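**Q** Submitted below is the structure of interest, expressed as structure tokens.
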Amino acid sequence: MAQVTLKNLVKHYDDKQTVIHGVDLDVADGEFVVFVGPSGCGKSTLLRMIAGLETISGGELHIGGRLANDIAPAERKLAMVFQSYALYPHMTVYENMAFALKLSGQSAAQVQAAVERAAAILQIAPLLKRKPKELSGGQRQRVAIGRAIVRKPELFLFDEPLSNLDASLRVQMRVEISRLHKELKTTMIYVTHDQVEAMTLGQRIVVFNGGRIEQVGTPFELYNNPGNLFVAGFLGTPKMNFIAGTVATLAPDRVGVLLPGGALVAVEAAAGDAALQAGDQVTLGIRAEHIVLRETAPPGGPLGANEIEVCCGHVEYLGDVAIVYSTLADLPDMIALRQPLDGAPPLAGSSATLYLPAQRCLLFDASGRALPRA
């Protein structure tokens, strides 16, 4: 196994376009870390720098305690699994998995033992005599992973390995990769743009944006305590609701926010740490599952504390729940509400009263930084 340490890692190209801006990160021995972010954020470039497939423009990369900036990829004791399976079509599964071992000069007995062990781990032993064209997408990806396992690397790198699979196979392969990590106990770094993969696979998640790390933490930490608007909006389906507002009242552990339409919502936040003042512009955030549907109501009815009146629009039925999208006066973005289907969801075009619990709301200052909870 190998610890990976990035110290102020920088990548720029000949035109001086910088794509990785001074990244600092520590990946512990045996840890499963996921790099996630939108397309073009630099996550795959950083992975390729770790693999030695991209040169490092600045900073230091340490793998297993060794400075690896100038170490050849083949000598970094790592294996990489790509989005494309890259299997040799004229070779059997056994021959594909054994190819690198034969090139390294291992004996036939050593090769056979390594391939059979990897095939047993991945449950593809019955497929060893087949050609790639006779395999499903999920089976081909297992073979690609098996080809990496036989080399017994200290570090596994995965670059969006499930992107070519359909939805059901992606779920199955997520389970397989997670099981594989528990069995091998090898350090793994996994790149994806799919937040579901990130949340289900990673022991820690690194959220990238524009070649920089926005936040690092466990899936629970990032989902419940995002550090800024970008992380809050990137993780979660549907994404977190954001409502622009103005600070109306201040207390040490609570901020009163005036929303469009005149509703006043109290948020449990440590206002003293942010030097807020009445009249400051802020953003209130709340997840769809934390909003409570009070009732359908006629327009203009009296509102209680932390209640807002909305007009219900599109409804998505997802079997056990419905996602109701509604509009608030003078707000361009729609508000999503996750409603269990133990009762009928509001009808499109009807008015409804939503309750925003103070302890479930998050508050972001004008720079987008999250205020700590009270």
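**Q** Can you report the number of residues in the range 268-290 which are of a type outside the set (S, T, N, Q), farther than 18 Å from Glu309 by Cα and either modelled with pLDDT of 85 or more or in a loop (DSSP other than H, G, I, E, B) (or both)?
**A** Looking only at that region, the number is 9.
**Q** Here's a follow-up. Does Gln110 satisfy being within 16 Å of Ile149 (Cα to Cα), touching a helix residue (DSSP H, G or I) at 6+ places or on another chain (Cβ under 8 Å) and in a loop (DSSP other than H, G, I, E, B)?
**A** Spelling it out, it is not the case that Gln110 is within 16 Å of Ile149 (Cα to Cα), touching a helix residue (DSSP H, G or I) at 6+ places or on another chain (Cβ under 8 Å) and in a loop (DSSP other than H, G, I, E, B).
**Q** Is it fair to say Gly211 is on the phi > 0 side of the Ramachandran plot and touching a strand residue (DSSP E or B) at 6+ places or on another chain (Cβ under 8 Å)?
**A** Yes; evaluated as a whole, the condition is true for this residue.
**Q** With respect to Met97, determine if the residue is part of a helix (DSSP H, G or I) and within 31 Å of the chain's Cα centre (by Cα).
**A** Answer is yes for this residue.
**Q** Still on this structure, please answer the following. Which of the residues spanning the range 24-70 are of a type in the set (Asp, Glu), surrounded by fewer than 17 Cβ atoms within 10 Å (Cβ to Cβ) and in a loop (DSSP other than H, G, I, E, B)?
**A** Asp29, Asp70
**Q** For the range 291-306, enumerate the residues that are modelled with pLDDT of 70 or more and either assigned to a strand (DSSP E or B) or more than 21 Å from Gly349 (Cα to Cα) (or both).
**A** Val292, Leu293, Arg294, Gly304, Ala305, Asn306
**Q** Looking at (1) among the charged types (D, E, K, R); (2) within 29 Å of Ala278 (Cβ to Cβ); (3) surrounded by fewer than 17 Cβ atoms within 10 Å (Cβ to Cβ), find the lone condition where Asp365 falls short.
**A** If we test Asp365 against (1) among the charged types (D, E, K, R); (2) within 29 Å of Ala278 (Cβ to Cβ); (3) surrounded by fewer than 17 Cβ atoms within 10 Å (Cβ to Cβ), just (3) comes out false.
**Q** So Asp330 ticks every box in (1) surrounded by fewer than 16 Cβ atoms within 10 Å (Cβ to Cβ); (2) in contact with a strand residue (DSSP E or B) (Cβ under 9 Å, 6 or more places away or on another chain); (3) among the charged types (D, E, K, R) but one. Which box is left unticked?
**A** Condition (2) is where Asp330 drops out.
**Q** Are any of the residues in the range 341-357 outside any loop (DSSP other than H, G, I, E, B), surrounded by fewer than 16 Cβ atoms within 10 Å (Cβ to Cβ), modelled with pLDDT of 85 or more and more than 24 Å from the chain's Cα centre (by Cα)?
**A** No, that holds for no residue.
**Q** Pairs, please: C-beta under 6 Å, at least 6 apart or cross-chain, first residue in contact (Cβ under 8 Å) with a residue 24 or more places away in the chain and in the range 183-199, second of a type in the set (Phe, Trp, Tyr) and assigned to a strand (DSSP E or B)?
**A** Close Cβ pairs (under 6 Å, with a partner that is of a type in the set (Phe, Trp, Tyr) and assigned to a strand (DSSP E or B)) amount to Thr186/Phe156; Met188/Phe32; Met188/Phe156; Tyr190/Phe158; Val191/Phe35.
**Q** Further, regarding this structure: Kindly check whether there is at least one residue in the range 168-185 that is farther than 26 Å from Gly137 by Cβ, modelled with pLDDT of 90 or more, of a type in the set (S, T, N, Q) and out of contact with any Lys or Arg (no Cβ under 7 Å at 6 or more places or on another chain).
**A** no
**Q** Just give me the residues in the range 207-227 being more than 14 Å from the chain's Cα centre (by Cα), buried (at least 18 other Cβ atoms within 10 Å of the Cβ) and closer than 19 Å to Ala374 by Cβ, in sequence order.
**A** Gly227
The values are calculated or read from the model by the stated rules, or taken from the named source; none is laboratory data. Worth saying up front: this structure is predicted, and the values here are computed from it rather than measured. So basically every Cβ, Gly included, is an ideal-geometry build from the backbone, and we count neighbours across all protein chains shown.
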